[in-house]
């Protein structure tokens with residue numbers, strides 16, 4: 001049997017740039033790459049439960065268009081023939097946008113793709129389908145009562161994290177090289193941490209959210225997952241740009257980052273987040289932070305002021321905005337929700353307006369305090385999750401001697417960051433038996449710095465997305 005030219009000898013996808021180069025050079029067709037991805041989905045998704053919709057015929061048709069363009073001598077994009085999939089809150093033409101729910105399946109099929117899907121395909125990528133997620137993105141576990149739990153490829157008895165759990169499982173398990181997800185309170189960074197892959201939550205407003213189902217519009221982000229920093233940067237560059245269909249999308253000039261990854265980071269001022277971010281950590285998280293800080297030579301520690309209060313304010317705004325968004329559904333179809341999601345949304349709908357106003361005022365103050373820190377540092381290092389992936393169905397864990405609910409506390413270190421829209425790269429630290437992630441946090445619009453540091457950690461062998469056994 002001949003080796004597949006887009007797979008490494010170890011059975012992993014080659015980097016997206018190499019797949020695209022092979023397709024452009026006619027060493028392999030985009031259609032053949034697509035068939036490889038479809039075969040991997042057929043073989044492994046019954047275990048991982050990453051996909052809710054496999055758009056096989058669409059993928060084959062798209063791949064044939066890419067191949068025809070190459071045959072005609074036309075230029076193809078930097079992601080030519082590269083398979084990808086998206087969290088099922090992205091609109092996919094011809095499918096109802098589930099957003100992880102039962103209720104949304106009764107909606108009419110989408111008539112147009114989400115902007116980020118359009119941009120990925122304009123760069124030559126091939127969409128393979130929609131991915132499992134927590135109901136209405138209000139989830140940190142990856143356990144969906146309607147579609148079943150997505151499963152961690154490193155240990156299928158464990159959570160993927162959420163709410164972009166299918167995205168984490170699909171990339172972590174090698175079903176596709178790239179996936180897109182969303183992050184409101186940590187839903188890219190948590191699955192990245194648990195599934196041992198790289199994830200980028202860009203600055204709020206950097207990537208368009210047009211034609212995606214919202215959770216908390218005032219701090220929803222969309223972004224990519226990948227197995228290498230180069231692939232993360234390449235997909236991010238493909239999606240950049242203003243979009244009048246998303247009022248929050250910035251009109252700032254597009255700033256490509258792929259060409260900047262190899263720049264030396266010796267001049268960057270890197271600090272470790274202290275105080276709140278040094279608490280509530282299992283030993284694995286402490287070990288991951290120690291490896292990263294040692295590799296980067298970090299000697300300075302900074303304290304992000306009032307981070308615990310920021311997390312509380314993020315909860316208030318999340319539950320209030322979410323509850324308001326779903327009020328009609330809560331009134332008319334309460335029994336079609338996951339009970340845990342429904343109850344939190346009902347509680348949110350009853351949060352008094354003065355509480356939300358206070359949380360928003362605090363948010364503005366907190367943002368200014370954190371921006372002051374970035375006048376003296378370029379990068380802040382913090383844990384992505386307090387622990388490795390918990391077991392599926394696990395209800396509680398013990399942090400610093402206190403028993404706490406898992407679902408509510410997985411995002412303890414991510415919420416104070418997305419609350420004010422900072423860009424973050426989650427890097428996977430391969431520990432035994434399970435990986436865990438670390439956040440590389442930069443000032444607004446400085447994704448380039450976070451990606452450069454992530455690349456340096458990857459080159460040093462500290463951060464790596466290792467292939468899970470059996471996948």
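Tell me, which strands (runs of 3 or more DSSP E) wholly within the stretch 374-439 include 3 or more residues that are closer than 17 Å to residue 296 by Cβ? Quick ask: steps written out before the conclusion?
Values: elements: 379-383, 396-399, 402-405, 424-429.
So the answer is 379-383, 424-429.
So if I check each of 192, 110, 167, which one is within 25 Å of residue 77 (Cα to Cα), touching a residue at least 24 places away in the same chain (Cβ under 8 Å) and touching a strand residue (DSSP E or B) at 6+ places or on another chain (Cβ under 6 Å)?
On the way: 192 fails: within 25 Å of residue 77 (Cα to Cα); 110 fails: within 25 Å of residue 77 (Cα to Cα).
From the options 192, 110, 167, the qualifying one is 167.
Table: residues versus (1) within 22 Å of residue 449 (Cβ to Cβ); (2) in contact (Cβ under 8 Å) with a residue 60 or more places away in the chain; (3) surrounded by 15 or more Cβ atoms within 10 Å (Cβ to Cβ).
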site: 357; (1), (2), (3): no, no, no
site: 376; (1), (2), (3): yes, yes, no
site: 386; (1), (2), (3): no, yes, yes
site: 393; (1), (2), (3): no, yes, no
Can you tell me how many residues in the stretch 175-212 are crowded, with 24+ Cβ neighbours inside 10 Å and assigned to a loop (DSSP other than H, G, I, E, B)? 15
Looking across the stretch 445-467 at residues that are outside any helix (DSSP H, G or I) and within 19 Å of the chain's Cα centre (by Cα), the single one that is farthest from residue 255 (Cα to Cα) is 467
Counted residues in the stretch 417-442 being out of contact with any strand residue (DSSP E or B) (no Cβ under 9 Å at 6 or more places or on another chain), modelled with pLDDT of 95 or more and either under 20 Å from residue 276 (Cβ atoms) or crowded, with 24+ Cβ neighbours inside 10 Å (or both) come to 1
Report yes if residue 150 is buried (at least 24 other Cβ atoms within 10 Å of the Cβ), under 14 Å from residue 226 (Cα atoms) and in contact (Cβ under 8 Å) with a residue 60 or more places away in the chain, otherwise no. no
Of all residues in the stretch 342-352, count the ones that are surrounded by 15 or more Cβ atoms within 10 Å (Cβ to Cβ) and farther than 10 Å from residue 322 by Cα. 2
Which of the residues that make up the stretch 238-254 are touching a helix residue (DSSP H, G or I) at 6+ places or on another chain (Cβ under 7 Å) and loosely packed, with under 14 Cβ neighbours inside 10 Å? 245
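Sort through 310, 288 and tell me the only one that's under 23 Å from residue 200 (Cβ atoms), touching a strand residue (DSSP E or B) at 6+ places or on another chain (Cβ under 8 Å), part of a helix (DSSP H, G or I) and touching a residue at least 24 places away in the same chain (Cβ under 8 Å).
Working: 310 fails: touching a strand residue (DSSP E or B) at 6+ places or on another chain (Cβ under 8 Å).
Going through 310, 288 in turn, the sole match is 288.
So that you can scan it fast, the table gives a plain yes or no per residue for (1) over 29 Å from residue 96 (Cα atoms); (2) at pLDDT 95 or above; (3) outside any strand (DSSP E or B); (4) more than 22 Å from the chain's Cα centre (by Cα):
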residue	(1), (2), (3), (4)
18	yes, yes, yes, yes
32	no, yes, yes, yes
37	no, yes, yes, no
41	no, yes, yes, no
44	no, yes, yes, no
85	no, yes, no, no
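The values are calculated or read from the model by the stated rules, or taken from the named source; none is laboratory data. Worth saying up front: this structure is predicted, and the values here are computed from it rather than measured. When we count neighbours, we look across all protein chains shown, and the Cβ atoms used for this are built from the backbone with ideal geometry, even at glycine.
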